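A short worksheet on the structure shown next.
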Amino acid sequence: MVRKVIIAGNWKMFTDLDEATQLVKGLKASYANKNDVEVVICPPFISLATVRELIKTSSNLLLGAQNMYPEEKGAFTGETSPMMLKSVGCRYVIVGHSERREYFKESNAFLNKKVKVALDYQLIPIYCVGETLTERESDKTFAVIKTQLVEGLAGFSAEQLKKIVIAYEPVWAIGTGKTASPEQAEAVHAFIRKELSDLSDAKTADSLSILYGGSVKPENVTELMGKENIDGALVGGASLKADSFLGIINY
Ligand code: PEP
C-alpha cells in the first residue's frame, strides 16, 4: 500500500506576522515541489490568511491550523471555528497536540468531538497521541496510546477513519532534542496501525498516514522515514527555519 507522505510544520506560538511572512517566503524561495510529499504549514491563527496568500500557487504546500473549537459559530470568546479555518484555506488541523492535552486539559472525549467536527467540515485532522516519560518508564506506553485512540476515535466509520492522519509524538521527545530511536518509533507506529485495524479493518488501517513527531531534524529524518510504518513527520522546532524544514522535506 502506498500511503501519502506528509511533512507538517507546527510553528506553535513562535512567529508574529512579519516572522511568519519571512519564514514562508524563505520556504517558497527554495522549495522544489516534491510530488510525493505533501507539505503542511501550521502557523499561528493570526497569520493563516497571510500565509495562505503566499502559498496559494504552490500545489504541494498546504495550510493547517494548530487547533480548532468544535462548533461552527457561537459565543465562544477567543475561539476559532472549523468554518473560519475553511474560509482562510486550511486543509488540515492539528487535534490533541500534547501541549493542548497538558496545558488546556483537553480530554480524549473533547478531542473526539474535534475530530468529528473537523471531518464534518472536510478538514483533515492530524490526531496526536503519545506517552509521557513517566508513562514510558512504567511500561504504560501502549496502554496510554490505545486509550487515546479508542476514546479519541470512538464512533467513526471506516470511511471517516480513512480521512484522518495520526501523529505519534512521545511527549518526552517534544522540544527536548531527544528523538525516539527509529526502532522505538516503529514499534509504536506498528501498534497504532494494529489498533486502527481493530477500530476499522486492515485495509483502512493500512491506508492511513501515521506521522512521527518529536525533535525531528534533517539529521535524523532519513532513518525515521526508512521505517515501514512511518509515513511522515510533524515538526516543531526544526520547522521554524526554512533551511532545516527544507532539509526535512527533502529527506
Ligand atoms: C511538536 O510540537 O509537534 C514537535 C514535534 O516539536 P519538536 O519537533 O520541536 O520536538
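The values are calculated or read from the model by the stated rules, or taken from the named source; none is laboratory data. What you are looking at is a predicted structure, and each value in this text was computed from that prediction instead of being measured. When we count neighbours, we look across all protein chains shown, and the Cβ atoms used for this are built from the backbone with ideal geometry, even at glycine.
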Right, Gly64: of a type outside the set (Val, Ile, Thr) and either within 12 Å of Cys90 (Cα to Cα) or in contact with a Lys or Arg (Cβ under 8 Å, 6 or more places away or on another chain) (or both) or not?
yes
Counting only residues that are more than 12 Å from the ligand (Cβ to nearest atom) and out of contact with any Leu (no Cβ under 8 Å at 6 or more places or on another chain), the stretch 226-251 contains a total of 9
Close pairs from the stretch 94-105: first under 13 Å from Ile126 (Cβ atoms) and within 12 Å of the ligand (Cβ to nearest atom), partner acidic (Asp, Glu) and modelled with pLDDT of 95 or more, Cβ under 8 Å, at least 6 apart
Gly96/Glu106; His97/Glu169; Ser98/Glu169; Arg100/Glu106
Would you mind stating whether Arg52 is part of a helix (DSSP H, G or I), at pLDDT 95 or above, within 16 Å of the ligand (Cβ to nearest atom) and out of contact with any Cys (no Cβ under 7 Å at 6 or more places or on another chain)?
no
Among residues of the stretch 182-193 being crowded, with 17+ Cβ neighbours inside 10 Å and closer than 27 Å to Ala158 by Cα, the residue nearest to the ligand (Cβ to nearest atom) is Ala185
Out of all the residues in the stretch 211-227, which are crowded, with 24+ Cβ neighbours inside 10 Å and either among the basic types (Lys, Arg) or over 12 Å from Ile248 (Cβ atoms) (or both)?
Gly214
State which residue is nearest to the chain's Cα centre (by Cα) when the search covers only the stretch 133-148 and only residues that are among the acidic types (Asp, Glu) and within 15 Å of Ala180 (Cβ to Cβ).
Glu135
Top-ranked residue in the stretch 138-148 [being among the hydrophobic types (A, V, I, L, M, F, W, C), under 17 Å from Ser107 (Cβ atoms) and surrounded by fewer than 21 Cβ atoms within 10 Å (Cβ to Cβ); ranked as farthest from the ligand (Cβ to nearest atom)]:
Ala143
Anything in the stretch 15-31 that is among the charged types (D, E, K, R) and either in contact with a Leu (Cβ under 7 Å, 6 or more places away or on another chain) or surrounded by 19 or more Cβ atoms within 10 Å (Cβ to Cβ) (or both)? List them, or say none.
Lys25, Lys28
If a residue must be over 17 Å from Ile94 (Cβ atoms), away from the ligand (no atom under 13 Å from the Cβ) and touching a helix residue (DSSP H, G or I) at 6+ places or on another chain (Cβ under 7 Å), how many such residues does the stretch 207-225 contain?
1
Does the stretch 149-181 hold any residues that are surrounded by 15 or more Cβ atoms within 10 Å (Cβ to Cβ) and within 15 Å of the ligand (Cβ to nearest atom), and which are they?
Val165, Ile166, Ala167, Tyr168, Glu169, Pro170, Val171, Trp172, Ala173, Ile174, Thr179, Ala180
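Per-residue answers, yes or no, for (1) part of a strand (DSSP E or B); (2) free of Cβ contacts under 8 Å to residues at least 60 places away in the same chain:
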| site | (1), (2) |
| --- | --- |
| Arg3 | no, no |
| Ile7 | yes, no |
| Lys34 | no, no |
| Leu48 | no, yes |
| Gly64 | yes, no |
| Met68 | no, yes |
Assigned to a helix (DSSP H, G or I), touching a helix residue (DSSP H, G or I) at 6+ places or on another chain (Cβ under 9 Å) and crowded, with 22+ Cβ neighbours inside 10 Å: does that describe Ile230?
no
For Ser200, indicate whether it is farther than 17 Å from Ala185 by Cα and crowded, with 22+ Cβ neighbours inside 10 Å.
no
Being closer than 27 Å to Met225 by Cβ, modelled with pLDDT of 95 or more and surrounded by fewer than 23 Cβ atoms within 10 Å (Cβ to Cβ) narrows Lys12, Lys34, Lys86 down to just Lys12
